[in-house]
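Everything on this sheet refers to the single structure shown next.
Computed from the coordinates by the stated procedures, all read-outs in this text should not be read as laboratory data. This is a predicted model, so every value here is computed, not measured. Don't worry about glycine lacking a Cβ; one is built from the backbone with ideal geometry, like all the others, and counts go over all protein chains shown.
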Amino acid sequence: MIITMSPGIKPGDERVQAVVKKAQGLGLRTDVKVEPGKRFSVTQIFLLDGTVRGCCLAEYMFESMSGVQAVQRVTPPRVSVFHNGNGGPHHITLGSIKIGEGLPTRLVAGPCTVEEHVGKIIDGLVKGHGIRWIRGGAWKPRSSPYSFPGFGERGIYLLLKAARKNGVEVVFTEVIESSHIDVVRRAIEKTDFKGTVVLWVGARTGNPLLLTALGAQRDFPVMIKNGVDDERVQALYDRAEWVLAGNNRWDSHGRLDARGSAKRLNDRLILCLRGTRKTDPRSPWRFSPNFHWNNILGGECWAPVAMDPSHCAGDMKDDLVMKSIAEALRFDPAFIMVEGGYPEKGFNGFKGHCDVAQMVPIERMGKVVEMVREHNQTVHSTDVF
Ligand code: PEP
Ligand code: MN
């Protein structure tokens with residue numbers, strides 16, 4: 001990596017020294033060069049492989065440092081969920097808010113699938129409860145071809161139009177194949193949605209082509225859920241690695257082509273714990289909770305960790321989803337994603353088409369907000385949610 005400082009900053013400047021110190025602290029070697037110009041000199045810091053390889057570090061670790069004008073990658077990135085974080089936890093900005101380790105937990109709510117009345121639900125969540133981050137799936141991978149699969153492209157338009165109308169700051173939606181990325185991009189343009197869209201990969205669809213395509217673009221932050229059958233934390237890292245590798249190119253000898261490969265990867269990556277296939281058929285939970293994975297993830301990887309207590313519990317009976325939310329909050333996630341809408345009777349007698357058993361009724365979302373607020377008050381001394 002080559003770090004170019006703003007014109008006029010000399011090698012002895014404390015901002016250069018700060019970059020050198022950080023790079024060396026991370027295990028790199030440094031070489032400071034000066035290109036004298038007519039009016040200004042330009043100082044560049046070459047970061048060379050040391051005990052850690054330069055390709056394993058992300059640009060963002062230097063980009064935000066004082067005096068840094070540009071960070072240029074020379075070799076293709078090979079950022080792993082382990083190495084990227086050597087400089088401390090990686091915070092990601094969604095809308096106007098930073099998320100990640102040590103920051104307050106946020107709430108994302110919305111229906112499982114986007115349906116005709118999505119505007120009514122979003123209106124209820126935003127105006128009724130002050131929720132600003134919304135979820136909704138347009139493409140839903142189902143286990144039976146006879147289950148409702150979502151409205152696809154039309155669903156994205158319904159979702160973004162409603163989000164725009166209600167001033168939603170961040171929208172989360174699922175993509176199940178790489179062509180969906182462009183469909184979302186087009187819909188954003190056409191609906192003129194100004195917020196952030198986070199694309200997520202579900203528990204049943206982590207195919208490498210999709211993950212690679214998500215890593216190769218930088219328009220959308222990406223959230224990866226753990227797979228239904230994941231037994232180990234490593235399986236989640238493996239999915240993340242496909243995103244972090246970006247799209248590499250290979251030459252005709254089968255060697256990695258440094259010049260043709262992505263120079264910048266997408267490291268706005270969030271991991272999401274949503275439970276794994278349950279082993280005890282008598283358990284009331286739909287999946288076995290795996291929120292405790294955060295104890296491992298937090299210690300060894302840098303990505304913010306979110307949690308999905310809705311799919312983990314799978315049922316509102318006996319308030320199971322509420323209990324699942326309480327359980328997730330114990331692990332201080334970056335955010336929780338909760339399915340909410342009209343499970344019983346709703347707008348015009350409407351009832352959701354998908355995952356209604358676990359849907360928190362809109363009128364009970366206030367309780368969820370309160371739980372997140374209480375958590376933030378206790379742990380982060382703030383009452384945001
Ligand atoms: C969802 O969030 O609606 C969903 C289908 O989740 P998962 O992939 O975790 O089952
Ligand atoms: Mn769902």
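Step through the residues of the stretch 279-285 one at a time and calculate ³J(HN,Hα) from phi using the Karplus curve (6.51 cos²θ - 1.76 cosθ + 1.60, θ = phi - 60°), rounding each to whole Hz and writing x for Gly and Pro.
Values, residue by residue: 9, 9, x, 8, 5, x, 6 Hz.
If you keep only loop residues by DSSP, which trypsin sites (Lys or Arg not before Pro) in the stretch 229-335 have at most 10 other Cβ atoms within 10 Å of their Cβ?
R255, R259, R282
Is it possible to state the helix-based mean residue ellipticity at 222 nm for the chain, with each DSSP H run of 4+ residues giving -39500 (n - 2.57), the sum divided by total residues, to the nearest 500 deg cm²/dmol? What is it?
Helix-only estimate at 222 nm: -9000 deg cm²/dmol.
On a 29 Å Cα-Cα criterion, which of the cross-link pairs K98/K127; K194/K278; K165/K323; K165/K317 come out too long?
Exceeds cut-off: K194/K278; K165/K323; K165/K317.
Just to check I understand the Karplus step: with θ = phi - 60° and J = 6.51 cos²θ - 1.76 cosθ + 1.60, what whole-Hz values come out for the stretch 180-196, glycine and proline as x?
Result, rounded to whole Hz: 5, 4, 5, 4, 5, 4, 5, 5, 5, 4, 5, 8, 6, 6, 9, x, 9.
Search the structure for amide H atoms under 5 Å from the amide H of V338, placed 1.01 Å from N in the peptide plane, and list their residues when 5 or more places away or on another chain.
Here the answer is V108, A109, G110, since their amide H atoms fall under 5 Å of that of V338.
How tilted is helix 365-380 with respect to the longest principal axis of the chain? Cα atoms for both, answer in degrees (0 to 90, nearest 10).
Value to nearest ten degrees: 40.
Around S41, which amide H atoms from residues at least 5 apart in sequence, or from another chain, sit under 5 Å from its own amide H, with H modelled in the peptide plane?
G8
Return the sequence-ordered ³J(HN,Hα) values of the stretch 17-34 in whole Hz as given by the Karplus equation 6.51 cos²θ - 1.76 cosθ + 1.60 applied to θ = phi - 60°, using x for Gly and Pro.
The phi angles translate into 4, 5, 5, 4, 5, 5, 4, 5, x, 7, x, 9, 9, 10, 9, 9, 10, 10 Hz.
So who's got an amide H within less than 5 Å of the one on A70, skipping anything under 5 residues away but keeping other chains? H placed 1.01 Å off N, in plane.
When sequence neighbours closer than 5 places are left aside, the close amide H contacts are T4.
If you line up the long axis of helix 233-244 against the longest principal axis of the chain, both from Cα atoms, how many degrees apart are they, to the nearest 10?
60 degrees
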